[in-house]
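For reference, the structure is listed below as structure tokens.
The values are calculated or read from the model by the stated rules, or taken from the named source; none is laboratory data. This structure is a prediction, so every number in the text was calculated from the model and none was measured. Using ideal geometry, Cβ is built from the backbone for each residue, glycine included, and neighbour counts are taken over all protein chains shown. Please note that ligands, DNA and RNA were not included when accessible areas were found on the heavy atoms of the full protein model with its side chains. Shrake-Rupley method; radii C 1.70, N 1.55, O 1.52, S 1.80 Å.
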Amino acid sequence: MNNTPFHLTGKTVFITGASSGIGRQIAISGSEMGAKIVMTGRDKHRLEETYSLLKGEGHVILTADLVDSEQIVSLVQELPQLDGVVMNAGIVNAYPLKFLTSEKIEETFSINFNAIVLLIAGIMRKRKLNKGGSVVFVSSISSNFPPKGSAMYSSSKAAIEAFSKVLALEHSQQKIRSNCLAPGMVKTALYNDVEQRVTKESMDAHIASYPLGVGHPEDVANAAVFLLSDASKWITGTTITLEGGCLLNG
């Protein structure tokens with residue numbers, strides 16, 4: 001494995017939202033590629049489930065609610081020196097424009113943007129990310145191709161993509177890279193939830209719009225591993241779109 005740059009051996013990677021779905025799979029795949037995983041989330045029991053699926057040793061669970069700024073400060077203090085960061089925690093709230101309020105805006109942005117920005121700022125301020133490190137933000141194709149009802153979700157992801165570019169610029173002297181992954185529909189618990197709330201006909205029609213089919217958590221995790229590895233050391237300030245060809249249909 002060490003004869004290829006496509007590995008994470010010797011790297012310590014911090015992952016938010018690692019208790020389920022894409023975050024859990026990135027933790028698993030990262031450990032399989034040799035990384036020591038430091039993971040956080042609000043639900044300790046679900047984090048322990050993720051922990052039980054990891055390969056290798058030396059992994060760490062740090063329970064925290066990222067909406068609480070004081071817990072963010074404490075979390076940063078507890079972090080070891082890192083080689084990679086994956087910001088995956090987030091929520092999806094759908095509201096028609098006419099129903100938006102300041103509370104609903106805060107509900108989405110507090111976790112999808114504010115918490116992420118404060119956490120990264122703390123990591124950088126305390127110099128917890130090593131020279132040559134990599135930051136990966138999990139965004140969404142909704143940032144550029146928003147569906148109806150996604151004003152807050154899409155806006156929060158677009159804001160993160162802009163933030164990632166500034167991070168890439170400000171820390172390029174330390175060879176720290178910052179990139180985003182923008183997946184389309186992925187088969188997670190959220191996918192199952194949507195499947196329960198819409199008609200079979202509308203769901204089938206949406207799935208049919210993906211020439212390569214809808215994604216799986218492993219598809220996003222593999223891209224995250226690439227961006228965390230030295231194989232992507234000349235890639236920064238960009239967004240990789242993962243959507244199985246659905247955007248080819250216009």
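Scanning segment 9-44 for residues that are in a helix (DSSP H, G or I) and on the phi < 0 side of the Ramachandran plot turns up Ile22, Gly23, Arg24, Gln25, Ile26, Ala27, Ile28, Ser29, Gly30, Ser31, Glu32, Lys44. Annotation note: Cβ proximity below 8 Å between a residue of segment 228-250 that is at positive phi and a residue that is of a type in the set (Phe, Trp, Tyr) (sequence gap 6+ or interchain) occurs for Gly244/Tyr210; Gly245/Tyr210. Return the total of residues in segment 231-250 being outside any loop (DSSP other than H, G, I, E, B), more than 16 Å from Cys180 (Cα to Cα) and not hydrophobic (A, V, I, L, M, F, W, C). Qualifying residue count for the region: 1. Taking each residue of segment 138-167 that is touching a residue at least 60 places away in the same chain (Cβ under 8 Å) and within 22 Å of Ser202 (Cα to Cα) and looking for partners that are of a type in the set (D, E, K, R) and part of a loop (DSSP other than H, G, I, E, B) with beta-carbon atoms closer than 7 Å, six or more apart or interchain, yields Ile141/Glu243. For segment 66-90, the set of residues classified as open to solvent by 50 Å² or more (accessible area, probe 1.4 Å) and either under 25 Å from Ser178 (Cβ atoms) or in contact with a Cys (Cβ under 6 Å, 6 or more places away or on another chain) (or both) consists of Val67, Asp68, Ser69, Gln71, Val73, Ser74, Gln77, Glu78, Pro80, Gln81, listed by residue number. Would you call Lys165 basic (Lys, Arg) and under 17 Å from the mean Cα position of the chain (by Cα)? When the stated conditions are applied, Lys165 passes them. Which residues, taken from segment 45-70, are assigned to a helix (DSSP H, G or I) and either over 22 Å from Gly90 (Cβ atoms) or free of Cβ contacts under 8 Å to residues at least 12 places away in the same chain (or both)? Residues satisfying the conditions are His45, Ser52, Glu70.
Sort out which residues of segment 20-35 are within 23 Å of Val92 (Cβ to Cβ) and either hydrophobic (A, V, I, L, M, F, W, C) or buried (at least 24 other Cβ atoms within 10 Å of the Cβ) (or both), and write them in order of number. Result: Ile22, Gly23, Arg24, Gln25, Ile26, Ala27, Ile28.
Restricting attention to segment 220-230, the residues being out of contact with any helix residue (DSSP H, G or I) (no Cβ under 9 Å at 6 or more places or on another chain) and either open to solvent by less than 30 Å² (accessible area, probe 1.4 Å) or over 12 Å from Arg177 (Cβ atoms) (or both) number 3. So, in segment 81-116, exactly how many residues are farther than 23 Å from Ser20 by Cβ and not aromatic (Phe, Trp, Tyr)? Within segment 81-116, residues that are farther than 23 Å from Ser20 by Cβ and not aromatic (Phe, Trp, Tyr) number 12.
Of all the criteria given as (1) touching a helix residue (DSSP H, G or I) at 6+ places or on another chain (Cβ under 8 Å); (2) closer than 20 Å to Val138 by Cα; (3) touching a residue at least 60 places away in the same chain (Cβ under 8 Å), the one not satisfied by Pro5 is (2).
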